[in-house]
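Nothing in this text is a laboratory measurement; each read-out follows from the coordinates by a stated rule. Given the structure is predicted, the values throughout are model-derived calculations rather than measurements. Every residue, glycine as well, gets a Cβ built from its backbone with ideal geometry; the counts of neighbours run over all protein chains shown.
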Amino acid sequence: MALVASPVFLVHYHEIGLKGHNRASFEHRLMRNIEFLCKGLPIESVSRISGRILVCVDRESLTGTVDDDGYIENGLDNPKVSKIFGILKGIPGVARVSLGWRTSREMDEMCQLAGEVLREAEPFTTFKVESRRSNTDYPLHTMDLNRQIGAYLCELEPDKIVRMENPDAVVHVEVIQGSTYIYARTQPGVGGLPVGSAGKFVSLLSTGIDSPVAMWRIIHRGGVAVALHFSGAPQTDDSSEYLVRDICDQLASVGGVQKLCIAKIGDYQKKIAQVVPAKLRVIFFRRLMFTVANEVARREGALAIATGESLGQVASQTMENIRAVDAVAEVPVFRPLIGTDKQEIIALAKELGTYDLSTQACADCCTLFLPRNPETHAKMSEVLELSEQMPFEQWALEICDNMQIEMGHCNIKQGWQVGLVR
């Protein structure tokens with residue numbers, strides 16, 4: 001019997017399902033993000049079905065031919081299908097992605113397709129069938145589905161063993177509305193919340209290992225980033241600006257980076273170094289950065305500032321010095337890595353693909369006029385007294401007026417779905 005089946009993805013989520021009356025808005029946000037990030041790929045439709053997001057693949061646009069049974073040759077291994085799989089797994093808000101087939105609710109077709117799915121799960125020794133139905137209009141109970149499809153698979157694969165606990169392969173059969181979805185391939189996603197569901201934030205982004213991971217952590221919780229990079233130009237070359245673009249490109253592949261702002265502060269750092277004692281320079285450099293971030297937040301309508309600081313990692317990240325810097329912030333400051341050690345951060349950076357970029361040598365503002373023995377326990381009274389000599393507000397306006405801004409793709413009506421434009 002010729003069987004026409006279509007490859008589909010079932011996108012599973014976790015936290016979105018706990019949102020109560022707001023759940024639909026989160027689901028729609030995730031659907032729009034999927035549509036945007038899969039633009040140009042053979043996606044036929046993205047829709048909601050019974051606690052899932054259904055992503056249907058357009059059979060006609062896939063290369064290759066259809067075999068006698070109606071399957072696309074190399075169906076689930078088709079390069080375009082595999083590319084969609086990879087993108088979906090990396091989208092914030094996605095807890096798990098399952099790749100399989102959609103067919104009718106006829107038992108013969110379900111069994112035949114389950115057999116195809118099981119063969120695609122090779123190599124395996126043990127297996128089981130796990131069924132689910134979304135409503136009671138289908139006459140068979142899930143246990144009946146498990147028994148009938150399992151019996152068919154046992155005849156098809158007599159050398160395989162049925163095991164209910166921890167089998168090598170699980171054939172999932174989900175009867176939802178008027179169709180059946182059958183799959184064995186399922187992989188975890190990145191979790192979190194859909195990009196755009198938590199508002200906009202200004203992320204202080206250097207070329208180091210920590211700040212890209214911190215920015216991703218807030219994006220992963222639904223934030224949209226305005227990346228703010230401080231260049232040491234003209235006191236240094238502009239190599240850090242090129243490198244931070246590459247970092248933004250890497251993170252923007254899953255959405256979440258609305259724009260990159262490059263602030264050249266080398267001359268202002270020089271002015272600070274001429275007035276402030278060497279041991280306090282780093283604190284005042286960072287107070288300037290936060291003052292600029294305040295102005296960027298005002299101009300962009302951002303609700304918070306994010307940094308990559310980890311408590312005690314360097315001299316500027318002690319409690320006293322963090323307090324001295326935070327005093328100039330006008331919006332909440334998020335430090336998602338504050339309790340994370342360096343090895344954990346490095347592991348996260350490698351997962352994100354930013355580690356190799358962040359370990360490239362370049363000149364930036366962080367090492368400009370750096371003192372040999374920076375203060376680790378700044379006294380607020382001394383910091384406030386010296387601050388009276390620093391026209392930070394005026395400097396921030398000058399820096400922002402001359403800031404280089406590179407836009408990403410953003411459509412407010414469709415929600416924040418963004419990728420950096422080079």
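Across segment 343-353, in residue order, what do the Karplus-derived ³J(HN,Hα) couplings come to in whole Hz, using 6.51 cos²θ - 1.76 cosθ + 1.60 with θ = phi - 60° and x for Gly and Pro?
5, 5, 5, 4, 4, 5, 4, 5, 4, 7, x
How big, in percent, is the set of alpha carbon pairs in the chain lying more than 36 Å apart?
When every Cα pair of the chain is considered, 39 percent fall beyond 36 Å.
Starting from the 7 Å offset along Cα-to-Cβ, what nm value, one decimal, do you get for the label separation of SER47 and ASP237?
With each label point 7 Å from Cα toward Cβ, the separation is 5.6 nm.
Specify the angular offset, from 0 to 90 degrees and rounded to the nearest 10, of the alpha carbon long axis of helix 79-89 from the longest principal axis of the alpha carbons in the chain.
Here the helix axis deviates by roughly 60 degrees.
Based only on Cα atoms, what Rg/Rh ratio does segment 167-221 have, Rh being taken as Kirkwood's radius?
Ratio value, two decimals: 1.24.
Pop the C-beta distance of THR376 and GLU165 into the FRET formula with R0 = 51 Å and round what comes out to the nearest 0.05.
My answer for the efficiency is 0.40.
For segment 211-216, what does the Karplus curve 6.51 cos²θ - 1.76 cosθ + 1.60, with θ = phi - 60°, yield as ³J(HN,Hα) per residue in whole Hz, taken in order and with x for Gly and Pro?
Once θ is set to phi - 60°, the couplings for segment 211-216 become 5, x, 5, 4, 4, 4 Hz.
Hand me the trypsin sites (Lys or Arg not before Pro) from segment 143-195 located in a DSSP loop with no more than 16 other Cβ atoms within 10 Å, in residue order please.
ARG163
Multiply the residue separation of GLU60 and VAL275 by 0.36 nm, subtract the distance between their alpha-carbon atoms, and state the gained length in nm to one decimal.
Separation in residues times 0.36 nm, less the Cα-Cα distance, equals 70.5 nm.
Grab the other residues whose beta carbon is less than 15 angstrom from that of PRO234, score K and R as +1, D and E as -1, and report the net.
Net of charged neighbours comes to -3.
Of LYS80/LYS160; LYS259/LYS342; LYS89/LYS264; LYS83/LYS264, which pairs sit farther than 29 Å apart, going by alpha carbon to alpha carbon? Before the final figure, lay out each step's value.
Values: LYS80/LYS160 31 Å; LYS259/LYS342 27 Å; LYS89/LYS264 37 Å; LYS83/LYS264 38 Å.
Listed pairs above 29 Å: LYS80/LYS160; LYS89/LYS264; LYS83/LYS264.
Helix-only estimate, please: 222 nm mean residue ellipticity of the chain, summing -39500 (n - 2.57) across DSSP H runs of length 4 or more and dividing by its residues, to the nearest 500.
Result for the chain: -11000 deg cm²/dmol, rounded to the nearest 500.
So what's the convex hull volume per residue for the Cα atoms of segment 221-307, in Å³?
Dividing the Cα hull volume of segment 221-307 by its residue count gives 104 Å³.
Any lysines with Cα under 18 Å of the LYS279 Cα? List them, leaving off those in the same chain fewer than 8 positions away.
LYS270, LYS271, LYS379
Taking Rh as the Kirkwood radius computed over C-alpha pairs, what is the Stokes-Einstein D of segment 236-364 at 20 °C in a medium of viscosity 1.002 mPa s, expressed in µm² per second?
Details: Rh = 16.3 Å.
D, rounded to a whole number, is 131 µm²/s.
For GLU388 and ALA24, calculate 0.36 nm times their separation in residues minus their Cα-Cα distance, and state this gained length in nm to one decimal.
Gain on stretching GLU388 to ALA24: 126.0 nm.
With N set to the residue count of segment 6-191, report its C-alpha Rg divided by 2.2 N^0.38 Å to two decimal places.
Segment 6-191 yields a ratio of 1.02.
If you build the convex hull over the alpha carbons only and average its shadow over all orientations, what do you get for segment 199-414? Give it in nm² to one decimal.
Working: hull surface 44.1 nm².
Approximately 11.0 nm², given one-decimal rounding.
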